[in-house]
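Quick notes on the structure that follows.
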């Protein structure tokens with residue numbers, strides 16, 4: 001028998017054992033290697049499914065489920081009678097989701113033709129939010145018409161990434177009525193986003209930009225809802241999975257009266273007059289009219305105002321962007337003479353029987369100060385001085401009182417400081433004093449300047465609201481109320497959240513008899529034979545009022561021209577302020593017509609129309625009773 005290399009069985013056994021050990025080691029190594037791979041795979045699976053599972057689940061859901069905000073309907077704005085002035089309507093916007101479009105450039109070229117806009121305008125919208133995630137919708141065009149809406153919807157397969165968004169837009173039921181008070185909406189800016197709660201606002205949201213829409217943004221905006229929609233791989237919606245309804249904003253009821261506001265604005269607009277009309281209840285401070293003319297075209301702001309329309313507003317010489325009720329300041333003219341009269345009576349330098357002579361001018365120092373009536377008024381007492389607006393009388397009273405006392409009483413009647421009304425950027429006006437001039441002009445007060453102040457010229461500046469507030473304070477016997485524009489705020493269920501009551505800011509105590517004498521003069525302004533506002537009379541209603549002419553600039557070259565030949569911008573402003581009924585005042589009305597020349601003819605007719613509308617029912621009833629009496 002032949003052995004194959006092994007000397008004996010013992011050597012063969014040793015060889016087999018070595019081979020077996022090597023095989024075992026190899027098997028262990030392979031097993032360890034397999035185990036390592038298994039552990040690696042298991043670890044990766046654990047990392048993906050357990051540690052990162054929620055994240056990838058959300059990513060998958062984001063690819064399949066599209067979450068979008070549902071804009072809340074803004075609260076309605078009503079007048080004092082509950083008539084809806086501003087509500088909402090559906091507005092259809094074209095939006096782009098970049099994540100659902102492979103070729104945005106090609107898409108926009110085609111879309112620009114359909115929307116009839118310049119493609120650069122669409123790219124500008126995208127560049128504004130290019131830093132945001134691609135699944136965030138970009139609003140390309142707002143408030144599209146029905147034809148455009150129908151075309152985009154019917155050809156949606158041609159516009160991948162384009163969707164139609166429906167949001168509430170403002171409806172102005174009375175056009176531009178009270179536009180400066182109500183204000184308008186606009187797309188939130190980057191600066192505004194930085195200061196706002198990110199849970200409440202995001203890019204593209206509409207936010208109050210002016211007026212009560214801005215001041216009462218928190219009440220009006222409501223709370224957003226959320227829409228969860230399943231989409232396919234191309235981004236087209238397949239089905240609605242879930243939606244959380246938005247909560248509408250709160251409603252605001254104003255103290256304004258739509259009928260009175262409309263009368264005031266119509267008359268101002270009909271004559272293309274620039275200026276303001278204010279009316280308020282004298283016993284409460286509730287504001288009934290806040291008209292600023294020219295009005296703001298609110299519809300231009302729906303969906304965003306164009307550059308062309310915005311520039312037209314900026315370049316308009318009559319400044320429609322300014323709320324002239326509280327933001328424009330004018331010399332008060334002769335309406336200020338009630339302040340001079342009150343200061344004279346209260347300090348005792350005159351009484352109701354004090355007579356001063358008016359020859360048509362007053363000489364002081366080396367200068368002659370003229371009365372508006374060059375032939376003079378002759379011997380004048382307080383009542384006649386107010387009714388015929390004698391400058392010379394008030395020159396002398398002002399000198400006796402002094403500028404600081406005039407300012408003191410002006411402040412008590414609401415001049416020289418903000419009233420606190422809920423209108424933005426209210427101006428404080430100016431009631432100058434000796435200290436004011438030294439501090440602001442660096443010069444000593446000249447007594448000759450007091451003469452100008454006493455008749456409402458010089459450094460004096462007021463807003464139309466302040467003159468109305470002064471008139472109401474005189475009419476009610478000395479109570480200065482906080483002018484209130486908002487009556488109440490209610491939630492969507494009708495629950496009253498805020499209720500506004502009359503607030504007395506200041507009261508002139510012990511001055512009722514002096515105020516009564518001033519009111520007698522104001523009644524003569526309208527009801528008297530020589531009053532400067534005789535044309536304002538209303539049969540059946542006794543009115544107390546005061547006209548005023550505020551000099552804009554004194555230019556010698558226009559001195560001898562007829563008034564209609566003087567350039568518009570150099571003509572005097574026209575004031576008329578009044579209250580009625582004279583025996584038991586309810587309403588005060590103030591009208592300022594820029595460059596309207598004379599208060600009685602320029603501003604008076606507007607105030608008269610407001611009063612006629614306010615007393616409409618009483619006048620009709622009185623007319624019916626008179627007719628019935630005549631028949632009997």
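The values are calculated or read from the model by the stated rules, or taken from the named source; none is laboratory data. None of these values were measured; they are calculated from a predicted model. FYI the Cβ positions are ideal-geometry reconstructions off the backbone, even for glycines, and counts take in every protein chain you see.
Structure summary
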| item | result |
| --- | --- |
| Of all residues making up the stretch 429-442, the number that are more than 16 Å from residue 404 (Cβ to Cβ) and in contact with a helix residue (DSSP H, G or I) (Cβ under 9 Å, 6 or more places away or on another chain) | 1 |
| Condition broken by residue 448, with the remaining ones in (1) at negative phi; (2) buried (at least 20 other Cβ atoms within 10 Å of the Cβ) satisfied | (2) |
| Qualifying strands (runs of 3 or more DSSP E) (wholly inside the stretch 308-403; at least 3 residues being in the same structural domain as residue 472 (by TED's automatic domain parsing) and free of Cβ contacts under 8 Å to residues at least 40 places away in the same chain) | 378-380 |
| Residue match in the stretch 475-489 (condition: at pLDDT 95 or above, in the same structural domain as residue 536 (by TED's automatic domain parsing), within 21 Å of residue 281 (Cα to Cα) and part of a helix (DSSP H, G or I)) | yes |
| Members of the stretch 372-395 found to be touching a strand residue (DSSP E or B) at 6+ places or on another chain (Cβ under 7 Å) and surrounded by fewer than 21 Cβ atoms within 10 Å (Cβ to Cβ), listed by number | 376, 378, 379 |
| Answer from 272, 237, 265 - the residue that is assigned by TED's automatic domain parsing to the domain that holds residue 607, more than 21 Å from residue 302 (Cβ to Cβ) and either modelled with pLDDT of 90 or more or over 22 Å from the mean Cα position of the chain (by Cα) (or both) | 272 |
| Subset of the stretch 77-115 (residues that are out of contact with any helix residue (DSSP H, G or I) (no Cβ under 9 Å at 6 or more places or on another chain), assigned to a loop (DSSP other than H, G, I, E, B) and closer than 30 Å to residue 253 by Cα) | 82 |
| 1 or more residues buried (at least 16 other Cβ atoms within 10 Å of the Cβ) and in contact with a helix residue (DSSP H, G or I) (Cβ under 9 Å, 6 or more places away or on another chain): qualifying helices (runs of 4 or more DSSP H) within the stretch 116-208 | 119-128, 146-154, 179-182 |
| Residues of the stretch 545-581 that turn out to be surrounded by fewer than 24 Cβ atoms within 10 Å (Cβ to Cβ) and modelled with pLDDT of 95 or more, as a count | 1 |
| Test: residue 614 is closer than 20 Å to residue 266 by Cα and modelled with pLDDT of 95 or more | yes |
| Only listed residue being on the phi < 0 side of the Ramachandran plot and in contact with a strand residue (DSSP E or B) (Cβ under 8 Å, 6 or more places away or on another chain), chosen from 432, 483 | 483 |
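Every residue, every condition in (1) loosely packed, with under 13 Cβ neighbours inside 10 Å; (2) over 30 Å from the mean Cα position of the chain (by Cα); (3) outside any helix (DSSP H, G or I), yes or no:
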position: 583; (1), (2), (3): yes, yes, yes
position: 590; (1), (2), (3): no, no, yes
position: 596; (1), (2), (3): no, no, yes
position: 612; (1), (2), (3): no, no, no
position: 620; (1), (2), (3): yes, yes, no
